[in-house]
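Working notes, beginning with the structure itself.
The values are calculated or read from the model by the stated rules, or taken from the named source; none is laboratory data. Predicted model only: the values in this text are computed from it and were never measured. Positions of Cβ are backbone-derived with ideal geometry, glycine not excepted, and every protein chain shown enters the neighbour counts.
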């Protein structure tokens, strides 16, 4: 086909053209990975409106425990109050806008602004204003009217989500039937999950959507991108094509894929019984086909991976990571990568599992290293004026695959993971959120 | 305890410079040969805490949490034809300074602290990454030669400012 570098007037027009091209032919315009104007609209239309994962409950177990987290540029203190309730407070003093909390984590009953000393309880309530009566008079400042801004916070199975939009639907409604699939990750033990340490954080020059797009359905890249990790024998799989014949499932804001012939993916054996007891017959039907739910993304930028690794002196061990692709700009993202483990697994198993994660994921992980290289490279090229008009091929599976008719879970599933149904689902959802004519 | 004499101090300095040279030249197998069989190589997570709450180093966590086996696996991987993160390779320069040596707890062991600044560029990208850290090493004399038995790298960042740690510090 021929490509013309036609001038595109503005982001709305570009988005509309990109959506049309995508819905008609599954061609994606590469400028979506680099355009600063589109990025500005993403912050307005997605980041200010969708549910965003910020922390796991186990990161703040005691009253007063807090972590500071972000939704794009918006800073939030996620804190457990003295009554045990968890709140999300906007990290901005109501007087001059200073950050009232400048650590990343800790324990505090109060947050005190360094600028003028306004002091807030960890519920957000303003309880101290220096020289209150002298400077405002007895009637001048009603402290009750100036708390830290509270942002909506709701949870699912220990995952804490926030939403900046007071009008947004409740989290459970947003997740819908996606909870069926999240339960594979979150209900492996009756004792629940715990985060080890803090999330790994690192910044590099790539567009956030590349992480979301990869984890939602790009099983195909494992065969080539990750061949080196398979070759050196740290994955308990026969070859780098291990993802090819696992199904792919899609429902609501979620999609992901499975590895075939990998029963329980090296989960600690004593947890298998608990996992089955916590899940439903429909889950059992999937597990009984020796399928293991591996990668997925919850729109817009939360991804999951449950995978096995090889460590010396022990049978293969599973590890579980969840990650946020935090957008910092059209060409910059910060990865937040959490490692979680079942609380009731034995300590030595947890240690081996964590080391398997460190070897494969996080800043130094051999799998993650090659992913970040790819995504940086794509982002760099996508800045070109011609690149804005070049369609990328998202058609895999479109012409020959039929959905499974006997898939036990909700939504739709396809027989193989080497297909781009899940990625097409991500982009279809993206355009629904972004395009004026769909809103 | 083995006293730290002037010749030993110079020998340890030379060891650290040699090691940095091997890393910058990507002679990883030669670098691995400088590590003891029981080496522990760690780069813990760090988070910002209030001053009264310490340095924010999270014990038991790691951007690296390695032993001889896992370091060897990383190095074998970099040598394959498919290690895209480092092919084409980064250009790195390790600047090692402020070397302080004290006797170790065991005979023939030394506690060595050093500061390291690593400069990294890739491709024709005009930007560069800089990583700054203090290293707490244990060097051990094995059959006459020094070996790195333990390294704990304390990064001066809470966010890692490079696309990946496909390099060593």
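Please go through segment B:29-57 and pick out each residue that is within 7 Å of chain A (Cβ to nearest Cβ) and either loosely packed, with under 15 Cβ neighbours inside 10 Å or under 21 Å from residue B:109 (Cβ atoms) (or both).
Let us first name the residues in segment B:29-57 that are within 7 Å of chain A (Cβ to nearest Cβ), namely B:45, B:47-50, B:53.
Passing the criteria: B:50, B:53.
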TODO: Counting only residues that are under 19 Å from the mean Cα position of the chain (by Cα), give me the helices (runs of 4 or more DSSP H) lying completely in segment A:98-201 with at least 2 of them.
DONE: A:171-175, A:178-186
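Please indicate, with yes or no, whether at least one residue in segment B:63-73 is part of a loop (DSSP other than H, G, I, E, B) and more than 9 Å from chain A (Cβ to nearest Cβ). Give the derivation first.
Let us first name the residues in segment B:63-73 that are part of a loop (DSSP other than H, G, I, E, B), namely B:63, B:67.
Those still in the list that are more than 9 Å from chain A (Cβ to nearest Cβ) too: none.
No, every residue in segment B:63-73 fails to be part of a loop (DSSP other than H, G, I, E, B) and more than 9 Å from chain A (Cβ to nearest Cβ).
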Open item on the list: Being modelled with pLDDT of 95 or more, within 20 Å of residue B:152 (Cβ to Cβ) and in a loop (DSSP other than H, G, I, E, B) is the filter here; which residues of segment B:2-55 pass it?
Closed with: B:34, B:44, B:47, B:48, B:49
Open item on the list: Suppose we filter A:155, A:189, A:150, A:228 for residues that are touching a helix residue (DSSP H, G or I) at 6+ places or on another chain (Cβ under 9 Å) and assigned by TED's automatic domain parsing to the domain that holds residue A:67; which single one remains?
Closed with: A:155
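Is segment B:120-132 home to any residue that is under 18 Å from residue B:35 (Cβ atoms) and either surrounded by 13 or more Cβ atoms within 10 Å (Cβ to Cβ) or touching a residue at least 12 places away in the same chain (Cβ under 8 Å) (or both)? Give the derivation first.
Looking only at segment B:120-132, we keep the residues that are under 18 Å from residue B:35 (Cβ atoms), and these are none.
Looking through segment B:120-132, none of the residues is under 18 Å from residue B:35 (Cβ atoms) and either surrounded by 13 or more Cβ atoms within 10 Å (Cβ to Cβ) or touching a residue at least 12 places away in the same chain (Cβ under 8 Å) (or both).
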TODO: Select from segment A:285-310 the residues that are surrounded by fewer than 20 Cβ atoms within 10 Å (Cβ to Cβ) and touching a helix residue (DSSP H, G or I) at 6+ places or on another chain (Cβ under 6 Å) and list them in ascending order.
DONE: A:290
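Residue-wise test of (1) within 12 Å of chain B (Cβ to nearest Cβ); (2) part of a loop (DSSP other than H, G, I, E, B); (3) touching a strand residue (DSSP E or B) at 6+ places or on another chain (Cβ under 8 Å).
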residue: A:303; (1), (2), (3): no, no, yes
residue: A:308; (1), (2), (3): no, no, yes
residue: A:313; (1), (2), (3): yes, yes, no
residue: A:323; (1), (2), (3): no, no, yes
residue: A:326; (1), (2), (3): yes, no, yes
residue: A:373; (1), (2), (3): yes, no, no
residue: A:388; (1), (2), (3): no, no, yes
residue: A:398; (1), (2), (3): no, yes, no
Task: Out of A:257, A:246, sole residue that is in contact with a helix residue (DSSP H, G or I) (Cβ under 9 Å, 6 or more places away or on another chain) and surrounded by 22 or more Cβ atoms within 10 Å (Cβ to Cβ) - done: A:257
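Pick out the one residue from A:392, A:359 that is under 30 Å from residue B:124 (Cα atoms) and touching a strand residue (DSSP E or B) at 6+ places or on another chain (Cβ under 6 Å). Before you say what the answer is, go through the steps one by one.
Details: A:359 fails: touching a strand residue (DSSP E or B) at 6+ places or on another chain (Cβ under 6 Å).
Being under 30 Å from residue B:124 (Cα atoms) and touching a strand residue (DSSP E or B) at 6+ places or on another chain (Cβ under 6 Å) holds for just one of A:392, A:359, which is A:392.
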TODO: Check whether at least one residue in segment A:103-112 is in contact (Cβ under 8 Å) with a residue 40 or more places away in the chain, surrounded by 19 or more Cβ atoms within 10 Å (Cβ to Cβ) and touching a helix residue (DSSP H, G or I) at 6+ places or on another chain (Cβ under 8 Å), and report yes or no.
DONE: yes
